[in-house]
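Student: So that we are looking at the same thing, I have put the structure below in structure tokens.
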Amino acid sequence: MPTPDPRRLANQIALVTGASSGIGVAVAVALAAHGASVVVNYGHDEEGAKATVATIEAAGGTALAIKADVSKEDEVQAMFKQTIERFGTVHIVVANAGLQVDAKFVDMTLAQWQKVIDVNLTGQFLCLREGAREFIRRGEQPEISRATGKLICMSSVHEVIPWAGHVNYAASKGGIMQLMKSTAQELAPHKIRVNSIAPGAIATPINLSARDTPEEEKALLTLIPYNRVGDPADIGNLAAWLASDEADYITGQTIFMDGGMTLYPGFADNG
Ligand code: NAD
């Protein structure tokens, strides 16, 4: 594996939501490996967040765990305030926290719908908005990064692939697509870049039930032409690159990292 370049994100402050588990941990660790100081947000899993901080510190990085429910405006604002008090500003926000509450459409309660929209969509809106407010308040720092700030949404292949039994989740990710693109359009004149990462199947707790028997794993692999489930580190590496100046001319894009899941694999031998 190539050695991370500690200069790529040197002197930058990053905030990663839902960094107590899964993809968020890998993103936080990768950003730190590339030189950023990282705020490790968690909703309730303090142990997980402490473990992420410990991993970053053991590698010589800087990290701080902050509790906040991303669906609550006051908690998100308090988290950004605490971040700015501790580090002075923030340059990179990765709105990663998300969850699934699955139900058949006709059985889905309003509470199940609302919970997923609140965390996955409203939570990203709140974090993007607070990040953008801080980037604009602080202004450009060309000696640190060509962009005034970088916002990264954790979307999903389900921003384009419909998903029966998960309409709340798919609707939240479809919403993230237009949240990201419209925000990118509005903030580009401020030199703020806004992009999404859309993972396919990545081995994390969120989809454990789809992988817990060999048969289920085999069925999952039929959806993945590249024939492997993704690692959280795959997403972490992409996030670090997307936040860096190497990706400075990219804004308003969803980058799918899915082993080909969005290539309609059912058509591979059925055209
Ligand atoms: P995960 O369950 O391991 O992590 C989700 C994280 O979000 C957890 O740390 C959880 O505590 C946190 N969280 C949930 N609600 C929160 C809240 N209200 N406030 C703050 N934090 C909260 O799952 P993951 O796979 O790492 O998911 C991370 C993101 O990646 C999600 O947005 C998910 O939709 C997306 N994603 C995952 C996959 C996959 O295959 N794993 C695929 C596509 C998209």
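The values are calculated or read from the model by the stated rules, or taken from the named source; none is laboratory data. Given the structure is predicted, the values throughout are model-derived calculations rather than measurements. Don't worry about glycine lacking a Cβ; one is built from the backbone with ideal geometry, like all the others, and counts go over all protein chains shown. Keep in mind that these areas ignore ligands, DNA and RNA; they rest on the heavy atoms of the full protein, side chains included. Shrake-Rupley method; radii C 1.70, N 1.55, O 1.52, S 1.80 Å.
Student: Can you tell me, using C-alpha contacts under 8 Å and at least 6 residues apart, the relative contact order of the chain as a whole percent?
Tutor: Values: 551 pairs, mean separation 52.1, N = 271.
For the chain, the relative contact order is 19 percent.
Student: Longer than 24 Å from Cα to Cα, which of Lys50/Lys218; Lys81/Lys181; Lys81/Lys191; Lys50/Lys104 are they? Say none if no pair is.
Tutor: Values: Lys50/Lys218 34 Å; Lys81/Lys181 26 Å; Lys81/Lys191 22 Å; Lys50/Lys104 36 Å.
In this structure, Lys50/Lys218; Lys81/Lys181; Lys50/Lys104 exceed 24 Å between Cα atoms.
Student: Another question, then. Could you state the accessible area per residue of the chain in Å², with a 1.4 Å probe and every protein chain left in place?
Tutor: Accessible area per residue: 48 Å².
Student: Under 8 Å for C-alpha pairs, at least 6 residues apart: give me the relative contact order for the range 102-199, rounded to a whole percent. List each step's numbers first, then the result.
Tutor: Values: 126 pairs, mean separation 34.7, N = 98.
Worked out over the range 102-199, it gives 35 percent.
Student: Over the range 1-110, what is the mean sequence separation of C-alpha contacts under 8 Å (at least six apart), divided by residue count, expressed as relative contact order in percent? Before the final figure, lay out the partial values.
Tutor: Working: 192 pairs, mean separation 31.0, N = 110.
Relative contact order for the range 1-110 comes out at 28 percent.
Student: Let me ask something additional. On the protein heavy atoms, probe 1.4 angstrom, tell me the percent of accessible surface of the chain carried by carbon and sulfur.
Tutor: Values: 7280 of 12970 Å².
The value for the chain is 56 percent carbon and sulfur by accessible area.
Student: Peptides 219-228, 57-66: what's the order by average Cβ count within 10 Å, highest mean first? Walk me through the numbers before you get to the answer.
Tutor: Values: 219-228: 14.0, 57-66: 16.1.
Highest mean packing first, the order is 57-66, 219-228.
Student: Moving on to the next point. How many angstrom lie between the C-alpha centres of the range 82-113 and the range 17-31?
Tutor: 13
Student: About the Cα centre, and with charges only on the beta carbon of Lys, Arg (+1) and Asp, Glu (-1), how big is the dipole of the range 66-199? Nearest 20 debye, please. Please report the intermediate quantities before stating the final value.
Tutor: Values: 16 positive and 14 negative charges, 70 e Å.
Dipole size: approximately 340 debye.
Student: Sticking with this structure for a sec: Rounded to the nearest 20 debye, what is the charge dipole size of the chain about its Cα centre when +1 sits on each Lys and Arg Cβ and -1 on each Asp and Glu Cβ? Mind dumping the intermediate values first?
Tutor: On the way: 22 positive and 30 negative charges, 132 e Å.
Rounded to the nearest 20 debye, it is 640 debye.
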